[in-house]
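Q: This structure is in structure tokens; I'll ask about it shortly.
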Amino acid sequence: VQLQAYGGGLVQAGGSLRLSCATSVRTLSRYGMGWFRQAPGKEREFVASISMSGGNLYYSDFVKGRFTMSRDNAKNMVYLQMNSLNPEDTAVYYCAAGKVIQSQRTYQSAYDYWGQGTQVTVSS
């Protein structure tokens, strides 16, 4: 399974970006998906997750109400719409896939496959 995240870039505070994650899986609906991020000098942290069917979404407190995760199983794609960005959102964003147990969805260990990351930089 290969994942490729893209769509990052430089944006001003208050702006928006849409990240995409292309996957090589034949049946994406068999995998739970997640987005994580890692800021310079910090550990990688959970951002959002979506269940196999897309019916169960979960967000970290610091993105709730600003970010929206979605998936298109027919296209083997996952997305992260990011609005109202602030400089604290600056990080490399990673998409991940796995046979995720929902109670473990915020843990990196719940995911078996990772993309290479895409840089998001928010200027003040």
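Q: With the requirement that a residue be of a type in the set (Gly, Ala, Ser) and over 14 Å from VAL100 (Cα atoms), what does the range 37-54 give you? Break it down stepwise before answering.
A: Taking the range 37-54 and keeping what is of a type in the set (Gly, Ala, Ser), we get 39, 41, 48-49, 51, 53-54.
Listed by number, the residues that qualify are ALA39, GLY41.
Q: Moving on. Pairs under 6 Å by beta carbon, first residue in contact (Cβ under 8 Å) with a residue 60 or more places away in the chain in the range 101-121, partner assigned to a helix (DSSP H, G or I), six or more apart or different chains?
A: ALA110/GLN104
Q: Which residues, taken from the range 14-31, are exposed (fewer than 15 other Cβ atoms within 10 Å of the Cβ) and assigned to a strand (DSSP E or B)?
A: Answer for the range 14-31, where residues must be exposed (fewer than 15 other Cβ atoms within 10 Å of the Cβ) and assigned to a strand (DSSP E or B): just ARG18.
Q: Same structure again: Is there any pair linking a residue in the range 29-47 that is more than 12 Å from LEU80 (Cα to Cα) and without any contact (Cβ under 8 Å) to a residue 24 or more places away in the chain to one that is basic (Lys, Arg) and surrounded by 14 or more Cβ atoms within 10 Å (Cβ to Cβ), with Cβ under 7 Å and at least six apart or on different chains, and which?
A: Correct list of pairs: GLU45/ARG37.
Q: Answer with yes or no whether TYR93 is part of a strand (DSSP E or B) and open to solvent by 50 Å² or more (accessible area, probe 1.4 Å).
A: In short, no.
Q: Name the residue that is most open to solvent (accessible area, probe 1.4 Å), counting only residues in the range 60-78 that are in a strand (DSSP E or B) and of a type outside the set (Lys, Arg). Give the derivation first.
A: Start the filter on the range 60-78 by keeping residues that are in a strand (DSSP E or B), which leaves 67-72, 77-78.
When the remaining residues are screened for being of a type outside the set (Lys, Arg), the result is 67-70, 72, 77-78.
Details: PHE67: 6, THR68: 72, MET69: 4, SER70: 46, ASP72: 46, MET77: 25, VAL78: 1 Å².
Selected residue: THR68.
Q: At pLDDT 95 or above, in contact with a helix residue (DSSP H, G or I) (Cβ under 7 Å, 6 or more places away or on another chain) and open to solvent by 10 Å² or more (accessible area, probe 1.4 Å), is that true of ARG44? Steps first, answer last, please.
A: Details: at pLDDT 95 or above: yes; in contact with a helix residue (DSSP H, G or I) (Cβ under 7 Å, 6 or more places away or on another chain): yes; open to solvent by 10 Å² or more (accessible area, probe 1.4 Å): yes.
Spelling it out, ARG44 is indeed at pLDDT 95 or above, in contact with a helix residue (DSSP H, G or I) (Cβ under 7 Å, 6 or more places away or on another chain) and open to solvent by 10 Å² or more (accessible area, probe 1.4 Å).
Q: Something else about it: Output the residues belonging to the range 79-109 that are under 14 Å from the mean Cα position of the chain (by Cα) and farther than 19 Å from VAL63 by Cα. Can you show your working first?
A: Let us first name the residues in the range 79-109 that are under 14 Å from the mean Cα position of the chain (by Cα), namely 79-83, 89-98, 105-108.
Correct list: ALA97, GLY98.
Q: Only one residue in GLY98, GLY34, GLY55 is open to solvent by 40 Å² or more (accessible area, probe 1.4 Å), more than 16 Å from VAL122 (Cα to Cα) and of a type outside the set (D, E, K, R). Which one? Break it down stepwise before answering.
A: On the way: GLY98 fails: open to solvent by 40 Å² or more (accessible area, probe 1.4 Å); GLY34 fails: open to solvent by 40 Å² or more (accessible area, probe 1.4 Å).
Unique residue meeting the criteria: GLY55.
The values are calculated or read from the model by the stated rules, or taken from the named source; none is laboratory data. On a predicted model such as this, the values are computed, not experimentally measured, just so you know. Every residue, glycine as well, gets a Cβ built from its backbone with ideal geometry; the counts of neighbours run over all protein chains shown. Calculation scope for accessible area: heavy atoms of the full protein, side chains included, ligands and nucleic acids excluded. Shrake-Rupley method; radii C 1.70, N 1.55, O 1.52, S 1.80 Å.
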